[in-house]
Amino acid sequence: MSSPGTPLASLLDGLASTAPAPGAGAAAAWTCAMAAALVEMVSAIELRREDASPQAAARRDRAGELRPLVLALADEDVAAYGAVLAARGDTARFREALAAAADPPLRIARFAAELCELAAEASANARGGVRGEALAAVALSNAAVSAALPLVELNLGGAPSDPRLAEARELRAGAQSSWCSASASP
């Protein structure tokens, strides 16, 4: 599904189809990967300046590590949802599959929240036109968190005491905070 070389148009055609997957989880992962690519670009451009932040190289490298991880999570999300569909009719298996299906979007949200912080840092150090790319990375990573977390909540709807729900709320708050700080900076 998200293998390297798959044209974006093909991914979007799959998303627009009537097939049950890919869906919102894969879309959140792809959005997160785009944010990672923008953080990589903005940080690489920053590194060409004499006054580059000492964290710019580490930020670029971490975003480069996260990009393939979130792309792989798109495929994991599709597989997890497939297991949910396959378990219909067996209540115990269905509940287990739903609980397991909360993991890929939660991991997407974790990585997206981390990227939101990296993008906010990149935005604070960006100069000129590339600041727009940094702000877009903040917005995209925040959107990936916002898209992934309802999936976690829906999949865990039958388990209100599951600690992953509290983590999901914390991730949402952290991503919002990064967005607010980045968008408020001149």
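The values are calculated or read from the model by the stated rules, or taken from the named source; none is laboratory data. Because the structure is a prediction, the values reported are computed rather than measured. Here the Cβ positions follow ideal geometry from the backbone for every residue, glycine too, while neighbour counts run over all protein chains shown.
Between a first residue in the stretch 118-137 that is part of a loop (DSSP other than H, G, I, E, B) and a second residue that is crowded, with 19+ Cβ neighbours inside 10 Å and not hydroxyl-bearing (Ser, Thr, Tyr), which pairs have beta carbons less than 7 Å apart while being 6 or more apart in sequence or on different chains? Matching pairs, first to second residue: Ala126/Val42; Ala126/Glu46; Ala126/Ala134. Selection within the stretch 160-176: residues that are of a type in the set (A, V, I, L, M, F, W, C) and without any contact (Cβ under 8 Å) to a residue 40 or more places away in the chain. The member of this set that is nearest to Arg59 (Cα to Cα) is Ala173.
Ala19 - would you say it is in a helix (DSSP H, G or I) and either surrounded by 20 or more Cβ atoms within 10 Å (Cβ to Cβ) or over 13 Å from the mean Cα position of the chain (by Cα) (or both)? Here the answer is no, as Ala19 does not meet what is asked.
The residues of the stretch 138-159 that are touching a residue at least 12 places away in the same chain (Cβ under 8 Å), hydrophobic (A, V, I, L, M, F, W, C) and part of a helix (DSSP H, G or I), listed by number, are Val138, Ala139, Leu140, Ala143, Ala144, Val145, Ala147, Ala148, Leu149, Leu151, Val152. Whether any residue in the stretch 58-72 is surrounded by 19 or more Cβ atoms within 10 Å (Cβ to Cβ), under 12 Å from the mean Cα position of the chain (by Cα), in contact (Cβ under 8 Å) with a residue 24 or more places away in the chain and over 24 Å from Leu135 (Cβ atoms) is what I want to check. No, the stretch 58-72 contains no residue that is surrounded by 19 or more Cβ atoms within 10 Å (Cβ to Cβ), under 12 Å from the mean Cα position of the chain (by Cα), in contact (Cβ under 8 Å) with a residue 24 or more places away in the chain and over 24 Å from Leu135 (Cβ atoms). Restricting Ser141, Ser161, Ser146 to residues that are hydroxyl-bearing (Ser, Thr, Tyr) and over 14 Å from Ala112 (Cα atoms) narrows the list to Ser161. Just one of the listed residues (Ala102, Ala113) is buried (at least 16 other Cβ atoms within 10 Å of the Cβ) and under 30 Å from Arg48 (Cβ atoms), namely Ala113. Any chance the stretch 97-107 includes a residue that's among the small types (Gly, Ala, Ser) and not in a helix (DSSP H, G or I)? Yes: one or more hits. Scan the stretch 42-57 for residues that are closer than 19 Å to Gly129 by Cβ, polar (S, T, N, Q) and surrounded by fewer than 20 Cβ atoms within 10 Å (Cβ to Cβ) and the total you get is 1. May I ask you to verify whether Ala97 is small (Gly, Ala, Ser), surrounded by 20 or more Cβ atoms within 10 Å (Cβ to Cβ) and either at pLDDT 95 or above or at negative phi (or both)? The answer is yes for Ala97. So how many residues does the stretch 41-93 have that are closer than 30 Å to Arg127 by Cα, assigned to a helix (DSSP H, G or I) and not polar (S, T, N, Q)? Result for the stretch 41-93: 22. Enumerate the pairs (first residue in the stretch 26-55 and free of Cβ contacts under 8 Å to residues at least 60 places away in the same chain and farther than 30 Å from Glu76 by Cβ; second residue anywhere and hydrophobic (A, V, I, L, M, F, W, C) and surrounded by fewer than 24 Cβ atoms within 10 Å (Cβ to Cβ)) with beta-carbon separation below 9 Å, excluding pairs fewer than 6 apart on the same chain, so at least 6 apart or on different chains. Every condition considered, the pairs that remain are Leu47/Ala56; Leu47/Ala57. Being surrounded by 24 or more Cβ atoms within 10 Å (Cβ to Cβ) and closer than 30 Å to Glu96 by Cβ is a property that Ala134 lacks.
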